[in-house]
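Notes to accompany the following structure.
Every number here is computed from the coordinates shown, using simple stated rules; none is lab data. Computed from a prediction, not measured in an experiment: that's the story for all the values here. When we count neighbours, we look across all protein chains shown, and the Cβ atoms used for this are built from the backbone with ideal geometry, even at glycine.
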Amino acid sequence: MDNWSSGTPEASSSGVTPVTTHRAVVLPHRGAVILALGILSLLLCFICGIFGWIMANNDLRQMSRGTMDPTGVQLTQAGKILSIVGVVLQCAALLLWFCMFGFMVLVAGAGARALP
């Protein structure tokens, strides 16, 4: 008897149960990795945020196409948001640091000219 004809797998004579699946092979999601990169971008450096942002965009695109497991969409979106926030905050802090450094150079230059 054909084990595949009824649509449900039956035990074959060899003892192995064939499994039928009509789902396409999908890649596992990387939501936890992206979320970790987003958290690291808030705590350490914006490079982690850039990688997390890029990976999240690629993974969300693959999830919408159906080539990646969609169960991690919420983790991926959260990681993307944290990555964006981390990059923006780190860039703002870097800009503030450069402004403060420039201000100190201007003050030091003005103070040096004021001395007799």
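Quick one: net charge around G52, please, counting Lys, Arg +1 and Asp, Glu -1 for every other residue with C-beta under 14 Å from its C-beta.
On the way: positive: R30, K80; negative: D59.
Result for the local shell: +1.
For the stretch 81-89, just list the computed ³J(HN,Hα) in residue order, Karplus coefficients 6.51, -1.76 and 1.60, θ = phi - 60°, integers in Hz, with x standing in for Gly and Pro.
Running phi through 6.51 cos²θ - 1.76 cosθ + 1.60 with θ = phi - 60° gives 5, 5, 5, 5, 4, x, 5, 5, 5 Hz.
Please arrange L37, L42 by how many other C-beta atoms lie within 10 Å of their C-beta, fewest to most. Please report the intermediate quantities before stating the final value.
Details: L37 25, L42 17.
Lowest to highest Cβ neighbour count: L42, L37.
Would you mind computing, in nm to one decimal, how far apart the modelled labels at I47 and A32 are, each placed 7 Å from Cα along Cα→Cβ?
With each label point 7 Å from Cα toward Cβ, the separation is 2.5 nm.
Given the peptides 88-99, 73-84, arrange them by the average over their residues of other C-beta atoms within 10 Å, most packed first. List each step's numbers first, then the result.
Details: 88-99: 11.7, 73-84: 20.4.
Packing order, densest peptide first, comes out as 73-84, 88-99.
Residues with amide H under 5 Å of D69's amide H, sequence separation 5 or more or different chain, H placed in the peptide plane at 1.01 Å from N; which?
So D69 has HN proximity to L27, H29.
Rounded to the nearest 0.05, what FRET efficiency do M104 and S64 have when you use their Cβ-Cβ distance and R0 = 41 Å? Display every interim value, and only then the final one.
Details: r = 49 Å, r/R0 = 1.19.
After rounding, the FRET efficiency stands at 0.25.
When a/c reaches 1.5 or more, the comparison of a/b and b/c decides; with that in mind, is the stretch 31-89 rounded, prolate or oblate per its Cα gyration tensor? The partial results should precede the final answer.
Numbers: a/c = 2.74, a/b = 2.22, b/c = 1.23.
Because a/c hits 1.5 or more and a/b exceeds b/c, the stretch 31-89 counts as prolate.
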